[in-house]
Amino acid sequence: MTADEETNMKETTHDEVIVVGGGMVGAALAALLGEAGLSVTVLDARPAPLASDDVGCGLPAPRVSALTPVSQRLLTHLGAWPWMVERRVSPYQGMRVWDGEGNGEIAFEAADIGLRELGHIVENDVVLAGLEARLAALPSVTQRFGARVSGIEREGEAQTLILDDGSRWTAPLVVAADGARSPLRRLAGIEVREHDTGHVALVTTLRCEHGHGGVARQVFLPDGPLAFLPLRVDADDHHCSIVWSTRPEHAERLLALDPAAFAEALNAAMEGRLGKIDVLDEVHHFPLTQRHAREYSAPGLALIGDAAHSIHPLAGQGVNLGFLDAAVLAEELIHARQRGVALGDARTLARYARRRRGDNTAMLALMDGFRLLFGTQHPALRLIRNVGLSSTDKLMPLKRIMIRQAAGERGELPAVCR
């Protein structure tokens with residue numbers, strides 16, 4: 001028997017939707033569709049689900065997300081938020097942003113727009129484990145781990161995915177939620193615009209001498225922004241997760257330092273605002289590339305999250321944009337199913353793309369603009385940004401608009417996020 005004949009004899013599994021990628025955004029989409037009774041399979045390259053008993057315990061994991069109130073509403077709707085709160089979420093009520101090369105500074109407070117919090121800093125593993133717990137309780141959702149897609153075929157009105165073990169999975173709609181380097185996006189032939197931001201991100205967990213007081217802090221330095229994201233560990237507010245986005249050569253010098261010297265560099269960059277610093281974990285690093293898919297959909301295929309767009313982390317918007325993608329796509333698909341329209345219908349997918357592309361494009365452009373403005377050494381532009389920060393800090397109506405934007409309160413939100 002030839003290899004092709006053996007492959008054709010493999011059982012083909014049929015679903016209404018196949019989600020490729022079981023990360024936070026893919027899991028959220030699967031949960032939204034599963035709650036509506038759609039038959040969904042999540043194909044995940046990871047070997048197994050998270051060990052939920054170990055999540056949110058001990059030292060915080062290095063990879064965290066700043067979840068907006070809009071994302072919190074989505075996770076609450078899915079029933080994942082209470083599970084996450086039992087583990088560990090860290091609310092923050094304020095934000096301080098300043099120019100490390102001048103005296104420009106701006107402060108934001110949740111109370112300025114009538115909110116209790118601007119958001120929560122949450123370990124990615126806590127978010128994902130909470131969503132996996134929800135998926136496990138949905139009878140119409142199946143998760144398959146260790147599943148790697150090696151090919152995709154269009155057969156009539158259905159898409160068929162071929163896994164590297166030869167199995168075939170067919171559905172009217174396949175959703176790529178498999179990350180910034182999305183193999184499925186590549187297999188589908190969807191082009192992507194990308195450019196190197198010129199930054200490498202360094203992330204780790206710290207303990208600071210002074211409590212953070214529920215305030216996120218970010219300083220713009222000559223080589224890139226440094227963010228201190230507040231964490232609460234057993235009611236202690238002295239922990240922070242950091243994201244230091246800097247040029248590759250500077251990152252190399254920082255990575256070569258021992259923990260004590262790295263802590264000193266952090267303290268100097270932060271101008272001593274949180275006192276003495278202890279580095280509690282390994283410093284992880286990864287390059288920062290901004291990407292935007294030229295199309296969010298193809299026949300029977302949709303892209304969400306980092307597969308559609310990846311953004312500089314300086315405003316912490318990445319996963320929040322992805323959650324909005326998931327919520328909008330789910331809303332469009334559920335409405336289509338109620339009307340008896342095929343789930344892979346081009347008009348349905350076009351509406352999803354139209355609703356999300358504008359917001360994502362605007363946020364990508366804004367983050368790139370901030371990166372370029374605060375990365376310049378031109379004296380006139382340095383003066384403008386310092387004056388701009390300090391002047392904006394005095395204009396409460398403008399500040400309220402900015403806070404609402406950062407909190408995700410912009411445009412027409414999907415129902416589950418209102």
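The values are calculated or read from the model by the stated rules, or taken from the named source; none is laboratory data. In this text the structure is predicted, and so the values were computed from the model without any measurement. Here the Cβ positions follow ideal geometry from the backbone for every residue, glycine too, while neighbour counts run over all protein chains shown. Note: areas computed on protein heavy atoms with side chains; ligands, DNA, RNA excluded. Shrake-Rupley method; radii C 1.70, N 1.55, O 1.52, S 1.80 Å.
Which one of the conditions (1) among the acidic types (Asp, Glu); (2) at pLDDT below 95; (3) within 20 Å of ARG357 (Cβ to Cβ) does GLU191 fail to meet, given that it meets all the rest?
With (1) among the acidic types (Asp, Glu); (2) at pLDDT below 95; (3) within 20 Å of ARG357 (Cβ to Cβ) applied to GLU191, the lone miss is (2).
Okay, residues lined up against (1) part of a strand (DSSP E or B); (2) under 18 Å from the mean Cα position of the chain (by Cα); (3) closer than 23 Å to ARG186 by Cα; (4) of a type in the set (D, E, K, R):
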position	(1), (2), (3), (4)
VAL19	yes, yes, yes, no
ALA27	no, yes, yes, no
LEU32	no, yes, no, no
GLY37	no, no, no, no
VAL42	yes, no, yes, no
PRO49	no, no, no, no
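Scanning for something within 30 Å of HIS285 (Cβ to Cβ), surrounded by fewer than 17 Cβ atoms within 10 Å (Cβ to Cβ) and in contact with a helix residue (DSSP H, G or I) (Cβ under 9 Å, 6 or more places away or on another chain), does the range 156-166 turn up at least one residue?
no
LEU274 fails exactly one of the following numbered conditions: (1) in a helix (DSSP H, G or I); (2) modelled with pLDDT of 95 or more; (3) of a type in the set (A, V, I, L, M). What is the number of that condition?
(1)
Could you list, in sequence order, all residues of the range 90-106 that are crowded, with 19+ Cβ neighbours inside 10 Å and of a type outside the set (A, V, I, L, M, F, W, C)?
Residues satisfying the conditions are SER90, TYR92, GLY94, ASP99, GLY104.
Output the number of residues of the range 112-149 satisfying the condition of being out of contact with any helix residue (DSSP H, G or I) (no Cβ under 7 Å at 6 or more places or on another chain) and at pLDDT 95 or above. Give the steps one after another, and end with the answer.
If we filter the range 112-149 for residues that are out of contact with any helix residue (DSSP H, G or I) (no Cβ under 7 Å at 6 or more places or on another chain), which is where we start, we get 114, 121, 123, 125, 136-137, 139, 142, 144-148.
Narrowing the set further to residues that are at pLDDT 95 or above leaves 121, 123, 125, 136-137, 139, 142, 144-148.
Going through the range 112-149 one residue at a time, the tally reaches 12.
Taking the range 299-341 as the search range and keeping residues that are over 22 Å from GLU412 (Cβ atoms), at pLDDT below 95 and outside any helix (DSSP H, G or I), which one is most open to solvent (accessible area, probe 1.4 Å)?
PRO299
Buried (at least 21 other Cβ atoms within 10 Å of the Cβ), among the charged types (D, E, K, R), in contact (Cβ under 8 Å) with a residue 60 or more places away in the chain and not in a loop (DSSP other than H, G, I, E, B), is that true of ARG185?
For ARG185, the condition - buried (at least 21 other Cβ atoms within 10 Å of the Cβ), among the charged types (D, E, K, R), in contact (Cβ under 8 Å) with a residue 60 or more places away in the chain and not in a loop (DSSP other than H, G, I, E, B) - is met.
Conditions (1) open to solvent by 40 Å² or more (accessible area, probe 1.4 Å); (2) in contact (Cβ under 8 Å) with a residue 40 or more places away in the chain; (3) more than 30 Å from ARG168 (Cβ to Cβ), marked per residue:
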residue: PHE108; (1), (2), (3): no, yes, yes
residue: ALA111; (1), (2), (3): yes, no, yes
residue: GLY114; (1), (2), (3): yes, no, yes
residue: LEU118; (1), (2), (3): no, yes, yes
residue: VAL127; (1), (2), (3): no, yes, yes
residue: GLU132; (1), (2), (3): no, yes, no
residue: LEU135; (1), (2), (3): no, yes, no
residue: SER140; (1), (2), (3): no, yes, no
residue: GLY146; (1), (2), (3): yes, yes, no
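Could you list all residues from the range 21-44 that are in contact with a helix residue (DSSP H, G or I) (Cβ under 6 Å, 6 or more places away or on another chain), open to solvent by less than 10 Å² (accessible area, probe 1.4 Å) and β-branched (Val, Ile, Thr)?
VAL40, VAL42 - these are the residues of the range 21-44 that are in contact with a helix residue (DSSP H, G or I) (Cβ under 6 Å, 6 or more places away or on another chain), open to solvent by less than 10 Å² (accessible area, probe 1.4 Å) and β-branched (Val, Ile, Thr).
Among SER52, SER71, which is the only one that is over 30 Å from ASP223 (Cα atoms), touching a residue at least 24 places away in the same chain (Cβ under 8 Å) and crowded, with 23+ Cβ neighbours inside 10 Å?
Answer to the selection: SER71.
Let's see how each residue does on (1) open to solvent by 50 Å² or more (accessible area, probe 1.4 Å); (2) out of contact with any strand residue (DSSP E or B) (no Cβ under 9 Å at 6 or more places or on another chain); (3) over 26 Å from ALA111 (Cα atoms):
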{"residue": "HIS210", "(1), (2), (3)": "yes, no, no"}
{"residue": "GLN218", "(1), (2), (3)": "no, no, no"}
{"residue": "LEU221", "(1), (2), (3)": "no, no, yes"}
{"residue": "ALA227", "(1), (2), (3)": "no, no, no"}
{"residue": "ARG253", "(1), (2), (3)": "yes, yes, yes"}
{"residue": "MET270", "(1), (2), (3)": "no, no, no"}
{"residue": "ASP278", "(1), (2), (3)": "yes, no, yes"}
